[in-house]
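Participant: Before anything else, here's the structure in question.
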Amino acid sequence: MPRGVPESIPDDGLTTRQRRNQPVLAVHTGDGKGKSTAAFGMAMRAWNAGLRVAVFQFVKSAKWKVGEESALLALGKVHSDTGAGGPVEWHKMGQGWSWLRANTDHADDHAAAARAGWAEIARRLESQEHDFYVLDEFTYPLDWGWVDTAEVVDTLSRRPGRQHVVITGRRAPQALVDAADLVTEMRKIAHPMDAGRKGQKGIEW
């Protein structure tokens, strides 16, 4: 295991083991590619550790067959069949809470769906239904004002147990960044789409 050397040791009364086992709030933001990919990779690690994994995908179309979805659901079946790893749930558009984009003719409906979706996630956090949550593209409803950032930060800061949460998407609100334990900004240096190349299977999905 890597041995990180902290700049300072907090005076929080916790032992090294207790501090190591604290729940993590991670934010993957920025304009570069790989925010969701990194979160799904963490989810696979969580599955391997036997954690109960749940993905809530907020923006991407239900018609887009994401490769990580198939992989994680296959791992969930492995758990059901053999007991290895942990259970997996994946929720996206058309399955209870999601929307298309902010500038549609039905933005009010999508905003209401986003708020209902967050309410369901908050309920699950309170009842500790999962151990590892991916809130994919969740920064967008926060940025658009559809879901109140202060409420989200407060709920996440008070979540019981040892529930890890990873939030992805561009333009993460500063209050969310400030509350997070782990923040990664993906910076785009080059992208094949800038040269007119289309997304391709196995790379983008």
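Just so it is clear, none of the values below were taken in a lab; they were calculated from the coordinates. Model, not experiment: these values are computed from the prediction. Using ideal geometry, Cβ is built from the backbone for each residue, glycine included, and neighbour counts are taken over all protein chains shown.
Participant: Could you sort 24-35, 169-180 so that the peptide with the highest average Cβ count within 10 Å comes first and the rest follow in order?
Facilitator: Order by mean packing, descending: 24-35, 169-180.
Participant: Please give the net charge around ARG187, taking every other residue with its beta carbon less than 12 angstrom from that of ARG187, where Lys and Arg add +1 and Asp and Glu add -1.
Facilitator: Neighbour charge sum, excluding ARG187 itself: +2.
Participant: Once label points are set 7 Å from the Cα along Cα→Cβ at both GLU126 and GLU7, what is their separation, rounded to one decimal in nm?
Facilitator: 3.7
Participant: I would also like to ask the following. Quick one: which residues, 5 or more positions from VAL134 or on another chain, have an amide H under 5 Å from its amide H? H modelled 1.01 Å from N in the peptide plane, none for Pro or chain starts.
Facilitator: Under 5 Å from the amide H of VAL134: ALA54, VAL55, PHE56, VAL166.
Participant: From the phi angles alone, apply the Karplus equation (6.51, -1.76, 1.60; θ = phi - 60°) to region 159-165 and give each ³J(HN,Hα) in whole Hz, x where the residue is Gly or Pro.
Facilitator: Computed from phi, the couplings for region 159-165 are 4, x, x, 10, 9, 8, 9 Hz.
Participant: If each residue of separation counts as 0.36 nm, what is the full-extension length gain between MET44 and ALA190 once their alpha-carbon separation is subtracted?
Facilitator: That pair, MET44 and ALA190, stretches by 49.9 nm at full extension.
Participant: Could you go through region 109-117 in sequence order and give the Karplus-derived ³J(HN,Hα) for each residue, using 6.51 cos²θ - 1.76 cosθ + 1.60 with θ = phi - 60°, rounded to whole Hz, and x for Gly and Pro?
Facilitator: Once θ is set to phi - 60°, the couplings for region 109-117 become 5, 5, 4, 5, 5, 5, 5, 5, x Hz.
Participant: If you stretched the chain out fully between ASP148 and ALA175, how much longer would it get, using 0.36 nm times the residue separation minus the C-alpha to C-alpha distance?
Facilitator: 8.6 nm
Participant: List the pairs from LYS92/LYS198; LYS33/LYS92; LYS33/LYS77 whose alpha-carbon separation is above 26 Å, in the order I gave them.
Facilitator: Violating the 26 Å limit, Cα to Cα: LYS33/LYS77.
Participant: Oh, and also: What does the charge count near ILE203 come to, summing +1 for each Lys or Arg and -1 for each Asp or Glu among other residues with Cβ under 13 Å from its Cβ?
Facilitator: Taking every Cβ under 13 Å from that of ILE203, the sum is +2.
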